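S.K.: Right, I'll just put the structure down here and ask away after.
Every number here is computed from the coordinates shown, using simple stated rules; none is lab data. Every value quoted in this text rests on a predicted model; they were computed, and no experiment measured them. No Cβ is skipped: glycine too gets one built from the backbone with ideal geometry, and neighbour counts run over all protein chains shown.
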Amino acid sequence: MMVGAFLSHSLHPSYLHLQRSDASSNHEHLSSVLTSLCVSPQQEGLDDGPDFLSEEDRGPRAVNVDLQTDATLQVDISDALSERDKVKFTVHTKSTLPNFKQNEFSVVRQHEEFIWLHDSFVESEEYAGYIIPPAPPRPDFDASREKLQKLGEGEGSMTKEEFTKMKQELEAEYLAIFKKTVAMHEVFLCRVAAHPVLRKDLNFHVFLEYNQDLSVRGKNKKEKLEDFFKNVVKSADGVLVAGVKDVDDFFEHEKTFLLEYHNRVKDSSAKSDRMIRSHKSAADDINRIASTLYTLGTQDSTDLCKFFLKVSELFEKTRKIEARVAADEDLKLADLLKYYLRESQAAKDLLYRRGRALVDYENANKALDKARAKNKDVLQAETTQQVCCQKFEKISESAKQELIDFKTRRVAAFRKNLVELAELELKHAKGNLQLLQSCLGVLKGDT
Amino acid sequence: MWFSWSPVAWCCLVSAEKDISPSSNGPKAEPVLFLCICAHMSILIVINFFVFLGDGMNAYMVYKVLTKTSLSIFSRDEVCVKRRFSDFLGLHSKLASKYMHMGYIVPPAPEKSIVGMTKVKVGKEDLSSVEFVEKRRSALERYLLRTVKHPALLKDPDVLQFLESSELPRAVSTQALSGAGILRMVNKAADAVNKMTIKMNESDAWFEEKQQQFDNLDVQLRKLHASVESLVCHRRELSVNTASFAKSAAMLGNSEDHTALSRALSQLAEVEEKIDQLHQDQACADFYLISELLGDYVRLITAVKGVFDQRMKTWAKCQDAQVMLQRKREAEAKLQHANKPDKLQQAKDEIREWEGKVQQGERDFEQISKNIRREVGRFEKDRVKDFRVVIIKYLESLVHTQQQLIKYWEAFLPEAKAIA
């Protein structure tokens, strides 16, 4: 994917255009994020999961084709546009399913529409027994915009080179955030498309195909307040439901496991973020050091001038590598943890729904017994009990499979990302080492 | 692995045998030896760790200064004396008053730090106190080494007395709020004002050029120092955050129920823990190698600028003498017509006196200019060597860090791949 970033002369990136044309290193970046996160549960060889982004695989896949997935429905975000306060994603679909009018089509969607789709899944009774793929986080460029603004204000106080350098840095950062948000939105869609049941959802098809604005507005204050109360009730309820000991060992184990796991992933995610931020700060310092050394080199009247210039050059290069290390750690580690934080929450939600259904079922049983004892409204109580029983059993059945798949996905994703993290760390350390050693060789030779 | 250093040691650097990462030693722990050999000078100065005498706010640190030498001006090959921080300041003060006006660059003593010292006195045994104490010890050592490197200062009786005699009169005048201290502050202020008012007629382009160069160097070194300090701070932060992440990853590994992944996460936690130690060591290298060197040079350049100022003052004195001489001549010319023979004689005597002063002034000016040229040459040579040695040592520390990183990640990779 070629990134054509058109950041205007002004410091406000009012227009940022991300377009796919041919493969480059940026592409591998994104694709690895996505393939690690949306491995289809039905695939046998997990590493050969459908590579939704691979340019080469746009045609029929030669390896490990599973007729239940990919070839019939492929979704990706082919283009994205960043405007002052919103991002527009071009959702591109390729499908052989009969319900679509064409085989290939694109629509433009905004973040709110993704949220609408996610919420429609969550609120639907049909899907109570599935892990709903977590919604993508809102695109947040505020921090980056603020930094660019500060840079603009401080323009007078630094040299032209420093200013251009910092501007490039910040533009790169903005671009990175932008690519990430595109990736997050794409992962969500791919997960839905890969899910055997969710992919058939009507709202999903509307989302993919309807080429007008869905007129989904964000929630207004009243609705947000309602949501807040709903959440409060839900968490209180969740505590009650969680307290009920499950007869089924599998679910009991999953409950305890998920509760603890979710909390620990949250902690790890926060700590990894802090670690990576420090790393970035250190890289920024090295940048400043390199600049000052350069100035020293140009001004010095002694033999040190060549020395300083050489070291300045070295630090420029090592600094870039350090920045890459931080970026890769962010991608492979921090993003992984963030994603599984959200997924484990979705899994917890599933368990909650099942727990709720169980409680309802048990209550229905008790009501039936009471009705039979009083011999009043027995038929009604029987039907209610039947409904609750069916609902509970349906959820339990699919939930079991979902949770097993969740584990499989999680293990595969962690494996892939940890291996890639280690490989990238090694690559960068070796690169750094080589630069340092060659510079040392030159400097020692000079004396 | 930590290696010792000194910017002043050009030829051999002897590393201490044990792991002497400053963070692992408390102020009352075993002495940390930083051995520095100046091969050219055949003199070795080591400042060992200290004893804390007195108590409460009156407590003071006593440093053991060990000098080993083969030079004949010393009475013994090896001598060890006990000195207080104020003794060092006293030595500097004496040397400055003797030599600065001649154009010699007298190495500045380490700065006082009321805050730092108070914390140590109060008995805080935290990391910052330990570091403060180590930082000061190291700074005092570098100060003495720089002082004895100066050929004129080495022979100075005050320096010899400082290094050799077991008893030294307490340098009270170094206290900030003493009478002498206040006088110093007043003088400094007066100097600053004078500097602004003296407009020197610079006939020698060399001096103008050099002064400009030193001004530029000052600005850049300060900037560099600030950036390096920031780097040290961020690296320390990174180390802390990495340690914290390592613990969190270990917990995550514990709760993970897939055995292979759980093991891999624990391994990741171990790797990160090792890396955090690596960051800490690197931050120390950043600090003790580069940051302290830059700090020293920022202060040294202040001393250099001071010497240039002395030259200006000498010139001003010379000019004043000439003005005075002119006035005396005019006065004598007036008296010629007034017919007062005894006053005339006095005037003629005064003229001779001032002629002498003018000559002396011109000689002083020439001498100081000559001295400064020589001193600056020596200073620049030292500067080149110091920076070269330190930067190379620093790059070597960076190399070591990367090699360790490679080792750790290479050990982790098969663990990650083993997740099935």
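S.K.: Using each residue's phi in the range A:140-157, evaluate 6.51 cos²θ - 1.76 cosθ + 1.60 at θ = phi - 60° and report the 3J(HN,Hα) Karplus result to the nearest Hz, with x for Gly and Pro.
M.R.: Result, ordered by residue: 10, 9, 4, 4, 5, 5, 4, 4, 5, 5, 4, 4, x, 5, x, 4, x, 8 Hz.
S.K.: A further question follows. Mind checking which lysines have their C-alpha under 23 Å from residue A:221, skipping anything on the same chain fewer than 8 residues away?
M.R.: Correct list for residue A:221: A:86, A:230, A:234.
S.K.: Based on the mean of other beta carbon atoms within 10 Å per residue, what is the order of A:97-103, B:345-351, most packed first?
M.R.: B:345-351, A:97-103
S.K.: Please work out the Cα center distance from the range B:370-394 to the range A:106-123, rounded to the nearest Å.
M.R.: 67
S.K.: From the phi angles alone, apply the Karplus equation (6.51, -1.76, 1.60; θ = phi - 60°) to the range A:81-87 and give each ³J(HN,Hα) in whole Hz, x where the residue is Gly or Pro.
M.R.: Per residue, the Karplus-derived 3J(HN,Hα) values read 10, 9, 9, 3, 10, 8, 10 Hz.
S.K.: Which order do the peptides A:138-149, B:307-318, A:296-307 come out in when sorted by mean C-beta neighbours inside 10 angstrom, highest first?
M.R.: In descending order of packing, they fall as B:307-318, A:296-307, A:138-149.
S.K.: Please report B:272, B:141 as a ranked list, fewest other C-beta atoms within 10 angstrom at the top and most at the bottom.
M.R.: B:141, B:272
S.K.: Need the list of lysines near residue A:200 for cross-linking: C-alpha distance under 19 angstrom, and skip anything on the same chain fewer than eight residues off.
M.R.: Straight-line reach from residue A:200, under 19 Å: A:94, A:101, A:394.
S.K.: Taking Cα pairs under 8 Å and at least six residues apart, what relative contact order does the range A:237-446 come out at, in percent?
M.R.: 26
S.K.: Now for a separate question. Within 10 Å of each Cβ of A:253-264, how many other protein chain Cβ atoms are there on average?
M.R.: If you average over the peptide's residues, the count of other-chain Cβ atoms is 3.
S.K.: Answer rounded, prolate or oblate for the range A:168-285, using the Cα gyration tensor with square roots of eigenvalues a ≥ b ≥ c: rounded when a/c is under 1.5, else prolate when a/b is larger than b/c, else oblate.
M.R.: oblate
S.K.: Mind checking the dipole of the range A:237-446: about its Cα centre, +1 per Lys or Arg Cβ, -1 per Asp or Glu Cβ, Debye to the nearest 20?
M.R.: The calculated dipole for the range A:237-446 is roughly 180 debye.
S.K.: For peptide B:397-406, what's the mean number of Cβ atoms from other chains within 10 Å of each residue's Cβ?
M.R.: 6
S.K.: Could you put B:73, B:391, B:47 in order, starting from the residue whose Cβ has the fewest other Cβ atoms within 10 Å?
M.R.: Result, fewest neighbours first: B:73, B:391, B:47.
S.K.: Among the listed pairs B:210/B:370; A:180/A:430; A:444/B:370; B:210/B:393, which have their C-alpha atoms separated by more than 25 angstrom in this model?
M.R.: Beyond 25 Å: A:180/A:430; A:444/B:370; B:210/B:393.
S.K.: Same structure again: Can you sort A:442, B:304 so the residue with the fewest Cβ neighbours within 10 Å comes first?
M.R.: A:442, B:304
S.K.: Residue by residue through the range B:296-312, which ³J(HN,Hα) values in whole Hz follow from phi under the Karplus form 6.51 cos²θ - 1.76 cosθ + 1.60 (θ = phi - 60°), with glycine and proline marked x?
M.R.: 4, 6, 4, 6, 4, 5, 4, 5, 4, 4, x, 5, 4, 5, 4, 4, 4
S.K.: Also, quick follow-up: Quantify how strongly other chains surround peptide B:359-368 by giving the mean number of their Cβ atoms within 10 Å of each of its Cβ atoms.
M.R.: Taking all residues of B:359-368 together, the mean is 0.
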